[in-house]
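All remarks here apply to the structure that follows.
The values are calculated or read from the model by the stated rules, or taken from the named source; none is laboratory data. A quick note: this is a predicted structure, and the numbers were derived from the prediction, not measured. For neighbour counting, all protein chains shown are included, and Cβ atoms are generated from backbone atoms with ideal geometry for every residue, glycine included.
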Amino acid sequence: MMVTTEDSAFRELHLPMLSSTGHTLVFEDELLLTDNLGSGIDTDSLSHFVAPTHPFRVTFTLVMFCRRGNMRVRLNLQEYRLVENDVLVVLPGSIGECLEVDNCAEMAVMGFAGTRFVGDYQSAQSMAFRRFFTSTSLMHISPGEMEECLLLYRQMWKKLAQPDFAFKYGVLSGYLQVLFYNGCQWMEHHRHQQPERVESRQRELFESFLELVQAHYREQRSVTYYAGRLCLTSKYLSQVIRKASGRLAGDWIRDYVILEAKALLKSGRYTVQQVGDLLNFPNPSFFGKYFKEAVGCSPRKYMLG
């Protein structure tokens with residue numbers, strides 16, 4: 001049984017929902033700019049998402065520039081703390097939790113729905129960009145690079161705010177291309193700073209593995225499946241993932257499955273058997289054993305606890 005968007009227990013964060021957070025401009029429901037530069041965080045507007053026990057699924061591309069302060073989030077099972085001069089890139093389909101926000105934090109945020117503003121989505125550079133930010137969402141840049149980003153952000157804001165400017169799409173696309181290739185440059189610099197023990201080929205395989213897991217964990221829990229998709233043996237894939245991430249390939253798969261199982265169980269919409277069906281377990285007994293080994297209690301006890 002395939003899990004559909006309607007079946008998912010995760011609350012979904014859609015682009016228009018950010019328009020309620022204050023200082024915001026939206027272009028044709030595809031591009032959103034919002035910030036609190038020069039002011040504090042409105043925690044009331046974020047309270048619906050600052051709930052560690054209730055993750056949400058992001059349905060659009062989100063780029064967040066941290067000018068000052070800090071923010072703690074969990075994305076796709078990895079925890080990040082944004083501090084001054086950090087950039088957070090969140091890809092569509094990511095599972096996120098906003099854990100903590102500093103009242104003094106200043107952020108500028110861009111959101112993109114669809115692919116019109118991301119150029120050639122299938123280009124080698126775009127695919128490399130997505131693979132990279134599948135495995136790590138956070139990037140630290142220099143103060144000068146952050147100022148350039150915020151300058152481009154402000155220029156986009158000015159053009160978007162001009163009611164009689166007829167060429168907004170072209171201008172916005174141009175600014176975004178500059179930001180995109182700046183991001184590609186940061187990505188290359190980051191890769192060169194990685195410890196030599198993690199070779200570039202291993203890093204690429206880890207990124208591809210995580211991308212596949214995020215797309216197929218509801219239907220496929222076997223390392224063999226992902227090894228086959230990557231044209232590798234299970235043993236070699238396991239070695240690569242452990243060396244690149246410090247964790248076993250099976251642990252990554254299991255944690256994605258358990259995260260969704262927990263959300264489904266707590267949603268109040270499904271029985272334990274239905275949750276097992278949604279996650280493609282052959283029977284309730286197998287699901288119960290799998291869940292208890294990972295969590296330490298039965299699905300029913302977790303659901304009622």
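Worth pointing out:
- Condition check for Leu264: out of contact with any helix residue (DSSP H, G or I) (no Cβ under 8 Å at 6 or more places or on another chain), at pLDDT below 95 and either hydroxyl-bearing (Ser, Thr, Tyr) or assigned to a helix (DSSP H, G or I) (or both): no
- Meets criteria (farther than 25 Å from Thr136 by Cβ, free of Cβ contacts under 8 Å to residues at least 60 places away in the same chain, among the small types (Gly, Ala, Ser) and touching a Pro at 6+ places or on another chain (Cβ under 7 Å)) for Gly268: no
- Some residue of the range 238-251 being surrounded by fewer than 21 Cβ atoms within 10 Å (Cβ to Cβ), under 24 Å from the mean Cα position of the chain (by Cα) and either of a type in the set (Asp, Glu) or not assigned by TED's automatic domain parsing to the domain that holds Ser222 (or both): yes
- Filter result for the condition that a residue is in a helix (DSSP H, G or I), among the aliphatic types (A, V, I, L, M) and at pLDDT 95 or above, over Leu151, Leu176, Leu172, Leu160: Leu151
- One residue stands out among those in the range 104-122 that are at pLDDT 85 or above and of a type outside the set (Gly, Ala, Ser): the one that is surrounded by the fewest Cβ atoms within 10 Å (Cβ to Cβ), which is Cys104.
- Hits in the range 186-216 - residues which are in a loop (DSSP other than H, G, I, E, B) and either of a type in the set (D, E, K, R) or modelled with pLDDT of 95 or more (or both): Glu196, Arg197, Glu199
- Here Glu100, Glu79, Glu145 are screened, and the one residue that is touching a helix residue (DSSP H, G or I) at 6+ places or on another chain (Cβ under 8 Å), at pLDDT 85 or above and surrounded by fewer than 19 Cβ atoms within 10 Å (Cβ to Cβ) is Glu145.
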